[in-house]
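One structure is given below, encoded as structure tokens.
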Amino acid sequence: MPYTADKPGAAHDAEALRARIPGWGSDLDHAQRPAFPREQPGIDTGAHWDLPEQQVQRGPREKSVEHLRLTPVFGTAQPLRGAAGVIRRFAYDRYSEGQTAHWLLLVVGDRVDAVSAHLRSFLSRRPDDPITQSGVLGERGRRPIASRFGRGRVDLKHAWLDPLLTVGPWVLAAVALFRVGRAIVRAVGGRGR
């Protein structure tokens, strides 16, 4: 039993495992491994380096705590920025990739990035359209309700949450805009008396 103080039982016999699990141990025999000859030392691979040349780093890059250095080549197209960048950098600086907190913080960073993108769209001349850009209209005429039930779909557990995530930010923004507008009207109306 894993994670107990008891010593686990003896290892299974290779033949028994091969009989029970199709394909088990297929890479043990070097004749069965197509890459085996390339794994031998002294074979010319054509590479002119032992380690690729390190890409020039302009600004800080995220690196997992379990790695001593950045990989030789890394992406620079989406640098971390804003609150989402702070959350993602904290995830990389503080937690190992083997910890749930690392991945949960990255998900939170993505959500913060999505919300800030929606907010930025309000300030543009063409704000996001929750009806046409959410795919809601794509289900029209394709039995949207009947296609969800009786088919063994696993996404039914969170289907009730989808409208809240899609329309919720727009409702909150409308309520906030209404309250700000009402406060302005009351402030201007109070001065006129």
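Across segment 57-112, the mean sequence separation of Cα contacts (distance under 8 Å, 6 or more residues apart), normalised by length, yields a relative contact order of 37 percent.
Take the alpha carbon gyration tensor of segment 122-173, find the square roots of its eigenvalues, order them as a ≥ b ≥ c, and report rounded if a/c is under 1.5; if not, report prolate when a/b exceeds b/c, else oblate. Oblate shape, in that a/c is at least 1.5 and b/c is the bigger or equal ratio. Classified by the C-alpha gyration tensor, segment 97-189 has an oblate form. Its axis ratio a/c, with a ≥ b ≥ c, is 1.5 or above, and a/b does not exceed b/c. Is the shape of segment 48-154 rounded, prolate or oblate, going by the alpha carbon gyration tensor and its root eigenvalues a ≥ b ≥ c, with a/c under 1.5 for rounded and a/b larger than b/c for prolate? Because a/c hits 1.5 or more and a/b exceeds b/c, segment 48-154 counts as prolate.
For segment 56-71, 3J(HN,Hα) computed residue by residue from phi via the Karplus equation (6.51, -1.76, 1.60; θ = phi - 60°) reads 5, 9, 10, x, x, 10, 6, 8, 5, 5, 7, 9, 7, 8, 5, 5 Hz, glycine and proline entered as x.
Every number in this text was worked out from the coordinates using simple rules, so none of it is lab data. Fair warning: this is a prediction, and the values are worked out from it, not measured in the lab.
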